[in-house]
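Below is one structure, written out as structure tokens; comments come after it.
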Amino acid sequence: MRPPYEWGCVHGRFQPFHSGHLEYTLLAKERCRRLLIGVTNPDLTWFMPEAANPSRHTVEANPFTYFERTLMLRDSLLDEGLEAGEFLVAPFPIQQPELCRYYVPEGMIHFIRVYSGWEEEKVCRLRAHGLTVEVLSRDEEKAVSGTEVRRLIRAGLAWEHLVPAAAVPIIRDAINNEPWRFGISA
């Protein structure tokens, strides 16, 4: 059966891309032929305080570069059997949705899973700017969080089981090359 939409969009910080993100991305991909994966906070100039999610703008909450996150996304989705032409990764201005038209084609469906007030805020924000949003699920408990993965990395504890296998070497390289980004002493 053909998916109902030609293009869809998911977005997140993906700090790092973990198994919960993979599940969300694949769930959205079932609803469209091709998927745009928007990476929020692609660099320090995009960081803005956010009342609905007060720590999302801090340097500690954003140790992975846009390039590293793009590699994690690409390698994980290819590893899941998606073809390169079925998805695209791009920056996504969730904190300035009026700029979305410069990154996302008009009429694209935006898929969101709602876990907290921050996700509710994103739904409202996108809709207020005339974007079409489909809530994939609501009020579920997050099984994995980037905060927890980053905490385990900083503590030197096992984190690999919380991320897609294809993302592990990218994360390890980042940690080994610049441990200070993760609060680890060299």
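FYI, it's all coordinate maths here, none of it is from the lab. Remember, predicted model here, so these are calculated numbers, not experimental data. Cβ sites come from the backbone with ideal geometry, for glycine too, and all protein chains shown count toward neighbours.
Once every DSSP H run of n ≥ 4 in the chain is given -39500 (n - 2.57) and the sum is divided by its residues, what mean residue ellipticity at 222 nm do you get, rounded to the nearest 500 deg cm²/dmol?
-9500 deg cm²/dmol
Could you tally the net charge around residue 31, taking each other residue with its Cβ under 13 Å from the Cβ of residue 31, Lys/Arg +1 and Asp/Glu -1?
Spelling it out: positives minus negatives among the neighbours equals +1.
Could you tell me the relative contact order of the chain? Use alpha-carbon pairs under 8 Å, at least six residues apart, and round to a whole percent.
Across the chain, relative contact order equals 27 percent.
Could you tell me which of 44, 94, 110 has its Cα farthest along the dipole of region 1-122 towards the positive end, charges placed at Cβ (Lys, Arg +1; Asp, Glu -1), taken about the Cα centre?
Working it through, the farthest residue towards the positive pole turns out to be 110.
Give or take rounding to whole Å, what are the principal axis extents of the alpha carbon atoms in the chain, in descending order?
48, 37, 30
Ranked by Cβ crowding within 10 angstrom, fewest neighbours first, how are 132, 70 ordered?
On the way: 132 15, 70 20.
Going from sparsest to densest Cβ surroundings: 132, 70.
What list do you get for 75, 43 if you sort them by fewest beta carbons within 10 Å?
Details: 75 18, 43 11.
Placing the least packed residue first, the sequence is 43, 75.
Where does each of 1, 72, 108 land when they are ranked from fewest to most other beta-carbon atoms within 10 angstrom?
The order, fewest Cβ neighbours first, is 1, 108, 72.
Can you give the angle from 0 to 90° between the axis of helix 19-29 and the longest principal axis of the chain, with both taken from C-alpha atoms, to the nearest 10?
For helix 19-29, the angle is close to 20 degrees.
Using the Cα centre as the reference, give the magnitude of the dipole from point charges on the C-beta atoms of the chain (Lys, Arg: +1; Asp, Glu: -1; all else neutral), rounded to the nearest 20 debye.
Numbers: 21 positive and 25 negative charges, 37 e Å.
It comes to approximately 180 debye.
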